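Working notes, structure below.
The values are calculated or read from the model by the stated rules, or taken from the named source; none is laboratory data. The structure displayed is predicted, hence computed values, not measured ones. All Cβ positions, even for glycine, are placed from backbone atoms using ideal geometry, and neighbour counts span all protein chains on display. Side chains included, ligands, DNA and RNA excluded: accessible areas come from the protein's heavy atoms. Shrake-Rupley method; radii C 1.70, N 1.55, O 1.52, S 1.80 Å.
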Amino acid sequence: MDSRQPGDDDRFRDPRTHLYALTMSDIIVVCPRCGGTAVVRPQTDPTTALPWFCPRNLSCLACAYSATWQPEGSSSCWGGPFDPYFRRPLWLQASCCGGKTLWAFNREHLELIDGYVRARLRERGPERPYTSLLEKLPAWIKSAKHRDEITRTIQRLRATLPSEVGERRMPR
């Protein structure tokens, strides 16, 4: 998900994506049984007022491990290199910039960070009643002096993406 205009390689316009919206696509995690690639996938529930808190399934692509998360009686935990539902380590995470952890839920999240980091001109997107995830990025990711190292780290993470993981269109 790159918000660049054609022929505008140095400009990025923030699409105002919230971290919650990225969980409507598969979240790629480490399987608790075999350590392979697993996905946390939302069960679609059109009656849920807050779709990011709908039930979730965790399934491993290698060993067929599966588990279910239900919002009733459970809590979610946001803002680190783990999925907010099962609290499994994210598949897409790597040490970067002196021991910091660069992480992403999925391909969409990784591409959003990549587009932002590579841009020399970063513009805010249309006004929304919430803060976008890009506005909440730590200063070390926003710093131009880390651009090359972060871009290399994103390339390494991109190479580990499993082809079996489906992507869904994020709600806006």
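Looking at the range 99-113, which of the residues that are open to solvent by less than 10 Å² (accessible area, probe 1.4 Å) and not aromatic (F, W, Y) is nearest to W78 (Cα to Cα)?
Residue satisfying both the conditions and the ranking: A104.
Mind telling me which of the residues E72, E123 ends up being surrounded by fewer than 20 Cβ atoms within 10 Å (Cβ to Cβ), farther than 27 Å from R147 by Cβ and acidic (D, E)?
E72
Taking the range 21-37, which residues are part of a strand (DSSP E or B), in contact with a Lys or Arg (Cβ under 7 Å, 6 or more places away or on another chain) and open to solvent by less than 10 Å² (accessible area, probe 1.4 Å)?
The answer is V29, and nothing else.
Only one of these conditions is not met by Y65: (1) at pLDDT 95 or above; (2) open to solvent by less than 30 Å² (accessible area, probe 1.4 Å). Which number is it?
Every listed condition holds for Y65 apart from (2).
For the range 75-98, give me each residue that is farther than 19 Å from S25 by Cα and open to solvent by less than 60 Å² (accessible area, probe 1.4 Å).
Those that are farther than 19 Å from S25 by Cα and open to solvent by less than 60 Å² (accessible area, probe 1.4 Å): A94, C96, C97.
Which members of the range 138-159 meet the condition of being under 22 Å from T37 (Cβ atoms) and not basic (K, R)?
Correct list: T153, I154, Q155, L157, A159.
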